[in-house]
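Asks: This is the structure, below, for whatever I ask next.
The values are calculated or read from the model by the stated rules, or taken from the named source; none is laboratory data. Source: prediction; values computed, not measured. As a convention, Cβ positions derive from the backbone with ideal geometry for all residues, glycine included, and neighbour counts pool all protein chains shown.
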Amino acid sequence: MNNKIRKVLSKLGEQANKERGGEVMVLPEDRMLAITVDTGMFFNIMLKAMQARRILEIGTSTGYSTLWFADAVKQNNHNNTETEKPIITIDENHSKIQRASENFDEAGVKDIIEIREGQAKHILSEMLKDYQNKSGNKKVGSLFDFVFIDADKENCIDYFELTVPMLRVGGIIAADNMLYPESFVLEMTKYGNYVKNKSNVQSVTVPVGNGEEITIKIS
């Protein structure tokens, strides 16, 4: 793993653990709401194995999960000469976006991450419309290899439907908080049942961290 990224991940991981353990008190809107370390490692290995080069994240927070993705993308894209940034991450909390941007700068990955600020449904709708206009193909996507959904849980099904057309066949959509905390489980169970009944994907709930729904696009 890249040393600069590792150092920032370690710092953020300590902060997240203190918040979870009640050692530090922060306002609800300032909480990191980060994935766990084992979840980050799980995704990092998976992305390296599948050679993911283009990633979309819905829910940046302070950039902890994004940094796990960035380490994989740096390895997978080391010979890539494309000018577009390979990671797009979306959030509407301006304060958290500023913190994330500082973390990306400290980790030396600001040049590969594009932060889009605003409501995810609006941003994704515009992205999909633009992609369809450019590609002329509304069924089979190739823009992203991996999509991570970790935002407002009541809209996860909408996020899935907006992003799956832009996902390549063989690409993966992952969603956090399938099993924990309990306040999220009802909405995420609806999400899990929904994707498991889609004919163009195959999906499984993986009990790592807070529970991840891993969904591969098969057609």
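One line per residue, one yes/no per condition, for (1) more than 21 Å from Glu14 (Cβ to Cβ); (2) out of contact with any helix residue (DSSP H, G or I) (no Cβ under 9 Å at 6 or more places or on another chain):
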{"position": "Ser65", "(1), (2)": "no, no"}
{"position": "Gln75", "(1), (2)": "yes, no"}
{"position": "Pro86", "(1), (2)": "yes, no"}
{"position": "Lys96", "(1), (2)": "no, no"}
{"position": "Asn103", "(1), (2)": "no, no"}
{"position": "Glu114", "(1), (2)": "yes, yes"}
{"position": "Gln119", "(1), (2)": "yes, yes"}
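Asks: Follow-up question, since we're still on this one. Being at pLDDT 95 or above, among the small types (Gly, Ala, Ser) and at positive phi is the requirement here; does Gly171 meet it?
Replies: When the stated conditions are applied, Gly171 does not pass them.
Asks: Could you list, in sequence order, the residues of segment 123-172 that are surrounded by fewer than 22 Cβ atoms within 10 Å (Cβ to Cβ) and assigned to a strand (DSSP E or B)?
Replies: Listed by number, the residues that qualify are Gly141, Asp145, Arg168, Val169, Gly170.
Asks: While we're here: Answer yes if at least one residue in segment 29-52 is assigned to a helix (DSSP H, G or I) and touching a Lys or Arg at 6+ places or on another chain (Cβ under 9 Å), and no otherwise.
Replies: So far as segment 29-52 goes, yes, one or more of its residues are assigned to a helix (DSSP H, G or I) and touching a Lys or Arg at 6+ places or on another chain (Cβ under 9 Å).
Asks: Now, a different point. So for segment 73-80 (the condition being buried (at least 23 other Cβ atoms within 10 Å of the Cβ) and out of contact with any Ser or Thr (no Cβ under 6 Å at 6 or more places or on another chain)), does at least one residue qualify?
Replies: Yes, segment 73-80 contains a residue that is buried (at least 23 other Cβ atoms within 10 Å of the Cβ) and out of contact with any Ser or Thr (no Cβ under 6 Å at 6 or more places or on another chain).
The rows are residues; the columns are (1) in contact with a strand residue (DSSP E or B) (Cβ under 9 Å, 6 or more places away or on another chain); (2) at pLDDT 95 or above.
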site	(1), (2)
Thr83	no, no
Thr89	yes, yes
Glu92	yes, yes
Gln98	no, yes
Ser101	yes, yes
Glu106	no, yes
Asp111	no, yes
Ile115	yes, yes
